[in-house]
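Since the structure comes first, as structure tokens, the remarks are kept for the end.
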Amino acid sequence: MTPESETGPGAGPGAGATGGPAPAPAHTIETVFRIESPRIIAGVARIVRDVGIAEELAQDALVAALEQWPREGVPGNPGAWLMATAKHRAIDLVRRRERYARKLVEMGRDLEASAPHGHLDEPADPDDIDDDLLRLVFTACHPVLSAEARIALTLRLLGGLTTVEIARAYLVPEATVAQRIVRAKRTLAAKAVAFEVSYGPEREARLGSVLEVIYLIFNEGYAATAGDDLLRPALCEDALRLARVLAELMPKEPEVHGLASLLEIQASRSAARTGPSGEPVLLKDQQRSRWNRLLIRRGFAALARAEAVSTGGGRGPYVLQAAIAACHAHAHSYEETDWGRIATLYGLLAARTPSPVVELNRAVAVSMAEGAGAGLVLVDALVGEPALRGYHLLPSVRGDLLVRLGRVREARGEFERAASLTRNERERGLLLGRAEECG
């Protein structure tokens with residue numbers, strides 16, 4: 001979450017027309033696989049109980065498609081063909097490994113029931129696919145993994161990104177990403193993490209991890225921590241797609257809808273957040289006519305669903321952040337924004353999830369509602385916070401408040417300090433420009 005005054009916040013081919021299926025080029029097959037791979041991996045993981053092996057078997061199905069489809073044409077239901085092929089291989093693998101012994105006996109009729117019958121074009125039970133996909137989400141985001149490992153594994157298994165694409169998105173070596181993914185799979189296997197959706201207190205903890213991973217992926221795309229570009233749209237799109245899928249799979253969880261709402265509304269601003277040369281445009285300077293109204297409507301609808309399914313215990317952090325984003329989306333201009341309500345919502349958020357970054361956001365809202373002096377008092381109280389020591393937006397916000405108070409000489413020093421702390425070249429240019437404006 002990024003302070004309000006700054007640049008950020010805090011989702012298939014069929015048969016030929018006549019005469020049977022048309023031959024399929026490799027890029028078409030790979031596109032189909034990328035779309036279907038999360039469900040295929042999820043369906044296979046239910047059989048083999050290992051996401052690493054499940055991914056390998058899904059890749060085997062892709063190889064089979066690359067061999068057969070160019071020769072025989074694309075099946076009527078390519079996703080079901082890939083799923084059936086991968087499941088056949090999974091069942092064969094279990095049978096070979098266990099030699100009809102203990103594990104096969106334990107799985108028994110359930111294993112046979114999961115085996116596809118009839119023609120490979122027959123679609124699988126969509127409810128089974130959804131259940132499996134939900135299990136895969138919870139497994140890839142298990143708290144036993146580090147945040148970096150969860151993000152890499154989620155993007156790999158659920159986002160369909162390659163190791164190269166993940167490495168490029170996060171500006172880290174490809175080998176580093178590959179190691180994270182391999183280690184994550186090994187950890188899940190070594191810890192014997194069950195391929196299931198937990199319930200009760202454990203489910204709440206696991207769901208928090210799932211939402212955090214999706215949120216972190218979106219934020220990295222929305223306000224890149226390093227590199228030459230402010231935005232990485234592909235990451236935003238992946239996170240938004242994952243949030244929408246999760247909202248469909250867990251319709252009674254208010255925080256899931258809250259996250260979906262937050263991402264929809266934040267994504268609506270993307271086109272207005274950069275200028276012609278890719279330079280950042282502050283929230284107060286954005287042309288709101290460029291905000292995507294369709295995404296805003298989707299965000300409002302998701303927030304309404306979150307409120308509708310909320311029960312006792314008040315609103316969670318993602319629902320509160322979505323409500324803050326909705327305040328901005330409702331306003332026709334920066335000045336018309338209901339800053340008093342936003343400050344109140346940040347107060348509720350701070351009480352629910354105390355954080356120096358939340359307090360910094362609240363300070364900005366208070367400065368707009370009550371004056372720059374009131375905001376500066378709150379910001380100055382955060383200067384000694386260890387968690388914000390290297391956070392470039394703290395001096396940036398302080399500089400903005402000092403400008404509003406006419407203390408431009410002090411403001412220049414704050415903007416220069418902020419520029420020295422950020423690793424994003426676009427933000428550095430913006431902050432140095434603001435320092436220059438101070439004379």
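Throughout, read-outs are computed from the coordinates displayed, never taken from laboratory work. For clarity, every value in this text was computed on a predicted model and none was experimentally measured. We place every Cβ from the backbone using ideal geometry, glycine too, and count neighbours over all the protein chains shown.
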Sorted on mean Cβ neighbours within 10 Å (highest first), peptides 183-194, 366-377 come out as 366-377, 183-194
Sorted on mean Cβ neighbours within 10 Å (highest first), peptides 342-349, 317-324 come out as 317-324, 342-349
Under a point spin-label approximation (7 Å from Cα along Cα-to-Cβ), what is the Glu437-Ser333 distance to one decimal in nm? 1.7
Over the range 251-337, calculate the relative contact order: mean separation of alpha carbon pairs under 8 Å at least 6 apart, over the residue count, as a percent. 44
Find the relative contact order for the range 126-229 and round it to a whole percent, using C-alpha pairs within less than 8 Å whose residues are 6+ positions apart. 36
If you rank Trp339, Trp81 by fewest surrounding Cβ atoms within 10 Å, what's the result? Trp339, Trp81
Using alpha-carbon pairs under 8 Å, 6+ residues apart, how would you state the relative contact order of the range 181-326 in percent? 22
Taking amide H positions as placed in the peptide plane 1.01 Å from N, state which residues far from Thr274 in sequence (5 or more) or on other chains have amide H under 5 Å from it. Val281
Peptides 86-95, 250-259, 67-76 ordered by average Cβ neighbours within 10 Å, highest first: 250-259, 86-95, 67-76
By the C-alpha gyration tensor axes a ≥ b ≥ c (rounded if a/c is under 1.5, else prolate when a/b exceeds b/c, else oblate), the shape of the range 253-331 is prolate
What shape does the range 126-229 have by the C-alpha gyration tensor, where a ≥ b ≥ c are the square roots of the eigenvalues, rounded means a/c under 1.5, and otherwise prolate means a/b greater than b/c and oblate the rest? prolate
Given R₀ = 25 Å, what would the calculated FRET efficiency be for Arg168 paired with Ala189, taking r from the Cβ atoms and rounding to 0.05? 0.35
Once you order the gyration tensor axes a ≥ b ≥ c over the Cα atoms, which shape class does the range 376-426 get: rounded for a/c under 1.5, otherwise prolate or oblate by comparing a/b with b/c? oblate
FRET efficiency, Val383 to Arg352 (Cβ-Cβ, R0 22 Å, nearest 0.05): 0.35
Separation in nanometres of the label points that stand 7 Å from Cα toward Cβ, at Thr176 and Ala147: 1.5
For the range 251-337, give the magnitude of the charge dipole about the Cα centre (Cβ charges: +1 Lys/Arg, -1 Asp/Glu; no others), in debye to the nearest 20. 240
